[in-house]
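No value in this document is a laboratory result; all are computed from the given coordinates. None of the values given here were measured: they were computed from a predicted structure. Every residue, glycine as well, gets a Cβ built from its backbone with ideal geometry; the counts of neighbours run over all protein chains shown.
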Amino acid sequence: MDYMDSGLRYTPKSDKDWDNTIQFLPASDNKKLEKKKGPGTVGAVIGVVIFLAVIALMTGLLVWHFHFRKDVKLKRMYSGSMRITNQAFVDAYESSNSSEFKALATQVTSQLKSIYSKSPQLAKYYVGSTVQAFSEGSVIGYYLSEFQVPKGQEASVDSAMSSMDKLVDKEKRIRSRPSNSLVLEDVRSSALDTRLISTPFSRVLRFSEHTKPNKIGQIQSPGFPNSPYAPNTFIEWQLRADPGNVIKLDFDTMNLEEDCSNDFIKIYDSLVAIESSAMEEMCGYYSPSQPLTFLSSRNVMLVTMASNEEKNYPGFRAKISQVQRGSKDITCGGKLTGATGTFTSPNFPSYYPPQITCQWSIEVSPGYAVKVTFKKFLLSEPGMEDSRDCKKDYVQVNGKKLCGEKPDGTVTETSQTNTMSVEFFSDASYVDRGFSATYEAIDVKDPCPSQFQCENQRCIKTALQCDGWNDCGDMSDELKCTCKPQDISCKNGLCKPMFWKCDGVDDCGDLTDELNCGGCTSGQFTCKNNKCVSEKLQCDGTDNCGDGSDELNCGRGTNDAETVCSDLTYRCKNDKCISKVNPECDGEPDCTDGSDEENCDCGRSLFKTSRIVGGENTEEGEFPWQVSLHVKGSGHVCGASIISPKWLVTAAHCVQDDGRTRYSQPGTWEAYLGLHIQGNIGKTVVKRNLKQIIPHVNYNAYTYDNDIALMELDSPVTYSDYIRPICLPAPQHDFPAGSNVWITGWGATREGGFAAKVLQKADVRIINHTVCNTLMKGQITSRMLCAGVLTGGVDACQGDSGGPLSSPAGSRMFLAGVVSWGDGCARRDKPGIYTTVTKFRGWVKEKTGV
Ligand code: 4AZ
């Protein structure tokens with residue numbers, strides 16, 4: 001049968017089938033294919049040689065397969081804990097050198113082996129276990145188990161380990177137990193943090209401490225505070241307290257590398273690093289102004305610290321003490337009566353302990369209802385940020401569960417009767433700062449007496465309703481408004497203050513407030529000076545507006561059309577003017593002499609930029625032109641910007657003498673370039689003394705007019721990834737109202753607050769000059785520029801002065817302003833005021849040549 005013709009295909013099933021089905025194609029010339037008869041001995045020798053070669057090859061393969069080839073196996077470590085209920089704790093168990101410890105540890109390891117042997121997945125790969133510690137209750141054992149798992153099998157081993165409790169049950173049932181075997185309960189285990197296995201630590205240190213009643217002990221990273229912590233080091237501190245106590249760990253310094261995948265501290269409610277008992281992981285810098293204390297649920301705690309090769313920071317220091325269970329730090333709940341009151345999660349504003357349950361019963365006078373407002377609400381766990389079902393830590397009010405992180409004061413709950421029950425629950429892993437709440441008795445019929453009641457049940461002053469601000473937090477005070485005559489009536493029903501009209505910012509959200517600005521009719525062009533001219537006169541070569549704005553952006557093709565010079569046009573080196581707005585360093589040669597693309601090695605950083613008050617940490621090198629100006633011996637005082645290898649721009653008010661310090665003298669200062677974190681003077685940082693300071697002669701110390709100064713470094717710096725200049729804008733550079741700009745600095749993170757350690761950035765918008773002058777009661781000169789967020793909350797503050805207001809254009813940043821002054825920080829309707837750099841472009845050139 002011809003298989004091809006029949007359309008069938010044959011799939012061999014066995015070697016035997018092959019034999020039966022092999023067919024040879026008929027040779028076209030049988031003669032040619034016939035074996036030639038040759039000399040017999042030569043053929044035999046060749047045959048023997050080939051045979052021997054095949055045998056040698058097969059032997060080699062067998063030796064390689066059985067002797068050298070190894071399956072790729074991965075070391076997998078699990079940490080765990082178990083309660084041994086038929087043993088009583090003796091003090092000797094605290095020391096791993098004691099014979100008592102060793103005897104019990106041997107029993108635990110042999111029992112673990114027996115447990116693992118009940119699981120086919122585990123038995124195959126099990127290597128061994130070590131007992132790490134014992135603690136009270138009856139006896140709790142902490143262990144590490146090692147497995148060698150073939151690649152790809154990790155998940156099956158993880159899953160078998162996660163059901164350890166079932167294996168323990170199985171063992172209990174199957175085994176004809178010897179009378180002295182251990183009775184185990186609460187057996188828990190989880191894979192050890194991979195960072196601890198994959199990193200080859202060059203040093204591993206272990207400390208143990210038993211706290212004493214009424215005594216405060218201390219733990220700290222080695223070398224603290226004199227030297228940074230060592231690289232590639234893993235350290236653990238096993239902390240114990242007397243039975244009936246819990247451990248309090250109180251950090252006074254916490255300053256590690258920002259990236260937790262490199263250096264981190266992890267705290268456990270256990271004596272081994274078991275994920276299900278992890279309380280918190282920390283890295284980066286924590287401000288000492290915020291308390292940072294942790295409480296364990298029992299009398300043990302483990303603190304671990306790991307560092308990698310690079311970037312070692314000062315480290316940490318923490319006090320350790322024991323707190324009796326039942327003392328006021330850790331108790332919570334109870335009966336609350338009276339018309340108003342407050343209550344908080346235990347240890348607030350620091351972290352609540354794991355495994356705690358609290359219940360408050362609030363009762364107010366009959367006829368009234370209970371209203372609870374959470375002023376602070378921080379109950380987040382890693383990975384649970386978006387969770388709505390509150391499976392981990394939660395607060396339950398009137399049967400409704402609340403969890404996660406909520407903006408201050410936005411969570412309010414009201415009861416139907418004069419009683420309310422509030423429960424708080426924290427599970428075994430991860431803790432947060434918790435909550436603070438107030439309660440009050442309210443009249444159900446009039447829950448917000450003489451106030452406006454928001455949909456989220458908050459009460460706000462009636463005057464705040466329909467004022468343009470979202471005071472309720474849910475916008476309910478700004479909906480269904482009949483606007484006052486002095487307000488803008490947005491099409492979407494919102495009312496906004498009239499002074500926001502035509503400020504370049506879409507305040508209504510539907511652009512109503514930015515329509516018809518300038519009042520020109522259709523067919524007319526609105527000039528920068530608000531004059532109206534016919535659209536036909538645009539780009540006709542004549543300045544019809546009177547300010548040249550109708551002759552801007554008239555270029556066609558690559559080279560922008562040269563035009564009549566005005567205050568708004570860009571002047572090339574050859575004194576020809578072009579109409580393109582902001583042509584400098586935009587990558588396109590616009591001047592016929594190419595001068596608009598000269599000196600353009602500026603304004604670029606390693607990073608694309610995607611709290612200062614309301615800001616966030618910058619990446620290292622994100623704002624490489626930012627400089628920290630230190631007064632020698634007293635630290636950071638002002639910011640500055642690099643404009644060339646030798647020159648910095650700062651604020652004139654930073655360099656004014658006062659009674660005690662001669663700020664005007666170069667010798668007073670040192671400039672830190674390439675700095676990211678105050679105090680961390682790494683390899684990327686360059687410190688320079690100053691050669692001269694040139695404040696603007698017209699600086700007015702009363703009005704802050706002309707608040708700009710230049711600083712010459714004593715020697716030029718070499719640019720690096722962390723040190724680069726910002727672009728100086730041409731005098732005509734346009735920074736339109738509403739455009740986004742960046743403020744950066746190490747200044748205070750709230751009005752009257754502490755300075756930031758890590759360089760902060762915040763995104764704000766340029767505010768219309770007229771609007772700003774109204775808001776700032778006529779104090780804004782043409783040498784000042786306003787930027788901020790009028791709803792408040794984001795601003796430069798004390799210590800940011802002199803630093804840059806960086807404006808993105810294409811892939812570069814231009815120095816739009818110098819941080820100068822403001823009415824407080826981040827206040828509503830009070831923007832930050834900056835020195836307008838464009839007004840001083842000629843002065844900078846004259847003084848520095850840049
Ligand atoms: C200052 O004192 C300062 N909110 C800087 C900026 C602002 C306020 C104060 C703007 O350096």
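Worth pointing out:
- Per-peptide average of other Cβ atoms within 10 Å, ordering 690-700, 465-475, 810-820 highest first: 810-820, 465-475, 690-700
- When only alpha carbons are used to place a centre, region 662-678 and region 321-398 end up 47 Å from one another.
- Hits among lysines - C-alpha to C-alpha of Lys248 under 26 Å, sequence gap 8 or more where chains match: Lys212, Lys215, Lys266, Lys319, Lys328, Lys375, Lys376, Lys392
- Shape of the chain, Cα gyration tensor, a/c cut at 1.5: oblate
- Gyration tensor verdict on region 626-848 (Cα atoms; rounded if a/c is under 1.5, prolate if a/b is larger than b/c, oblate otherwise): rounded
- Straight-line cross-link partners of Lys484 among the lysines, defined as a Cα under 30 Å from its Cα and at least 8 positions apart when in the same chain: Lys445, Lys461, Lys496, Lys501, Lys528, Lys531, Lys777, Lys830.
- Within straight-line cross-link reach of Lys646, lysines at Cα separation under 24 Å, skipping those fewer than 8 residues along the same chain: Lys573, Lys632, Lys683, Lys687, Lys691, Lys839, Lys845, Lys847
- Rounded to the nearest 5, the antiparallel percentage of DSSP beta bridges internal to region 216-373 is 90%.
- For the listed peptides 211-223, 184-196, a ranking on the average number of other beta carbons within 10 Å per residue, highest first, reads 184-196, 211-223.
- GluC sites (Glu not before Pro) restricted to DSSP loop in region 393-464 with at most 13 other C-beta within 10 Å: Glu455
- Restricting the chymotrypsin sites (Phe, Trp or Tyr not before Pro) of region 167-265 to loop positions (DSSP other than H, G, I, E, B) with no more than 10 neighbouring Cβ atoms within 10 Å leaves nothing.
- Surrounding net charge for Glu309, when Lys and Arg each add one and Asp and Glu each subtract one, Cβ distance under 15 Å: 0
- Ranked by how many other beta carbons lie within 10 Å on average, peptides 823-833, 527-537, 268-278 from highest: 268-278, 823-833, 527-537
- Sparsely packed trypsin sites (Lys or Arg not before Pro) within region 612-673, loop by DSSP, other Cβ within 10 Å at most 16: Lys632, Arg660, Arg662
- Over all other residues within a Cβ to Cβ distance under 13 Å of Ala339, the charged ones net out to -2, with Lys and Arg as +1 and Asp and Glu as -1.
- Rounded if a/c under 1.5, otherwise prolate or oblate - region 716-850, Cα gyration tensor axes: oblate
- Taking the helices alone, the chain has a mean residue ellipticity at 222 nm of -3500 deg cm²/dmol, built from -39,500 (n - 2.57) per DSSP H run of at least 4 residues and averaged over all its residues.
- Environment charge at Ile267 (Cβ cut-off 10 Å; Lys +1, Arg +1, Asp -1, Glu -1): -2
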